[in-house]
1. Give all pairs with beta carbons closer than 6 Å in which a residue from the range 94-116 that is within 18 Å of E128 (Cα to Cα) meets a residue that is of a type in the set (D, E, K, R) and assigned to a loop (DSSP other than H, G, I, E, B); count only pairs at least 6 apart in sequence or on separate chains.
2. Here are some conditions: (1) more than 22 Å from the chain's Cα centre (by Cα); (2) at pLDDT 95 or above. G263 meets all but one. Which one does it not meet?
3. Within the range 181-200, track down each residue that is at pLDDT 95 or above and assigned to a loop (DSSP other than H, G, I, E, B).
4. Which of (1) out of contact with any helix residue (DSSP H, G or I) (no Cβ under 6 Å at 6 or more places or on another chain); (2) more than 25 Å from S96 (Cβ to Cβ) is the odd one out, the single condition A225 does not satisfy?
5. Within the range 42-58, count every residue that is farther than 17 Å from A330 by Cα, over 20 Å from the mean Cα position of the chain (by Cα) and buried (at least 17 other Cβ atoms within 10 Å of the Cβ).
6. Restricting attention to the range 136-170, which residues are buried (at least 17 other Cβ atoms within 10 Å of the Cβ), of a type in the set (A, V, I, L, M) and within 17 Å of S235 (Cβ to Cβ)?
7. Looking only at the range 205-251, count how many residues are surrounded by 23 or more Cβ atoms within 10 Å (Cβ to Cβ) and in a helix (DSSP H, G or I).
8. Can you tell me which of V298, V275, V308 is in the same structural domain as L217 (by TED's automatic domain parsing), within 10 Å of V329 (Cβ to Cβ), in a loop (DSSP other than H, G, I, E, B) and of a type in the set (V, I, T)?
Amino acid sequence: MTSSATGTAPRGPVRAWGKVPRELSARVPAEQRGPGLDRSAVRLLVSRGVEVSHHTFGELPRLLRAGDLLVVNTSATLAAAVDGRIGHARVVVHFSTRGDDGRWAVELRAPDGRGTTRARAGAYAGMEVGLPGGAGLVLEEPLSARGERLWWARVTEEDVPAFLRVHGRPIRYSYTERDQPLSVYQTVFALPSADGAGSAEMPSAARPFTAGLVAELVSRGVQFAPVSLHTGVASAEAHEPPYPERFAVPEASARLINAARAGDGRVLAVGTTAVRAVESAAGAGGVVRAREGWTDLVVTPERGVRVVDGLLTGFHEPEASHLLMLDAVAGRAAVDRGYEEAVRRRYLWHEFGDVHLLLR
């Protein structure tokens, strides 16, 4: 992938439930909030239309039924943040996506003095950035005509995934309390890819799953269909639609999805990344075929969904473009009703937060 992004869907409209209170940001992972807790120690809000119910995530096996199919993203999270310098100025480079021509899409951000970063303006073609270990990169062109947040860059280090393993750390945003090891950002489904590719940011909807919970789901007749979609760097400020991302839907998973749709099972995507992957592999009639490559699909209510019957996802900011996908799956009224309840009941937001199951 070397050309500009073609998805031009608008950002989602600000919602009636308004700004999320700052104190509802999950600042540490669930397992660090108290003794004896594990990743599944989060709450689960279930929306069936405009009807909502409140649960713990550990109750998920009892909320699903035999024949249901969970589509999960197996992309591993990269240590995608690296300290750099432009002259004497410190910057943080977020490595987003590797292109087919060997370049990387990157975002340059400014340290904010609190261990996190803020947006940084002033990037231009030809800008050189020094990296640890004598490596460096040169910005060549903006990734998209939408703006100059992400740039294609040539990196002097040939094996960037190996470089990130040595010099990188997980991308962290200001609502979190402290740096965490990379293992905290890996889901139970994460698998290393042969070429070292992965996600710049964790496919976080799957984070509350544990091996024990997966085993219980399987024992109850719930199946899993693995797909991969390597997520790029999201916008912490602008909330624009996602850029093109690399994905793969294997033949075995396509068969499982089609069989579930032909029977009595429901196809439930674990995360917006899983929706994007499987919907990118679906024909007009909803039949899924094995496919891999790049997708610039942006799922909106106007486009609709062809495959998924439900979505398990975290809670998103009111300006987030992801909310358009939620509207496509469950309807605007259901999404707004669920979020009103989530704010009222003090659910937690972001990648270490609580979870929302939306059913059509």
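The values are calculated or read from the model by the stated rules, or taken from the named source; none is laboratory data. The shown structure was predicted, so the numbers you read here are calculated from the model rather than taken from an experiment. Here the Cβ positions follow ideal geometry from the backbone for every residue, glycine too, while neighbour counts run over all protein chains shown.
1. Every condition considered, the pairs that remain are L108/R120; R109/R120; A110/R120.
2. (2)
3. P181, Q186, T187, V188, F189, A190, G198, A200
4. (1)
5. Within the range 42-58, the first condition is being farther than 17 Å from A330 by Cα, and the residues that meet it are 42-43, 54-58.
Next cut, over 20 Å from the mean Cα position of the chain (by Cα) only: 54-56, 58.
Narrowing further to those that are buried (at least 17 other Cβ atoms within 10 Å of the Cβ): 58.
Qualifying residue count for the region: 1.
6. L143, L150
7. 2
8. Working: V298 fails: within 10 Å of V329 (Cβ to Cβ); V275 fails: in a loop (DSSP other than H, G, I, E, B).
Going through V298, V275, V308 in turn, just one is in the same structural domain as L217 (by TED's automatic domain parsing), within 10 Å of V329 (Cβ to Cβ), in a loop (DSSP other than H, G, I, E, B) and of a type in the set (V, I, T): V308.
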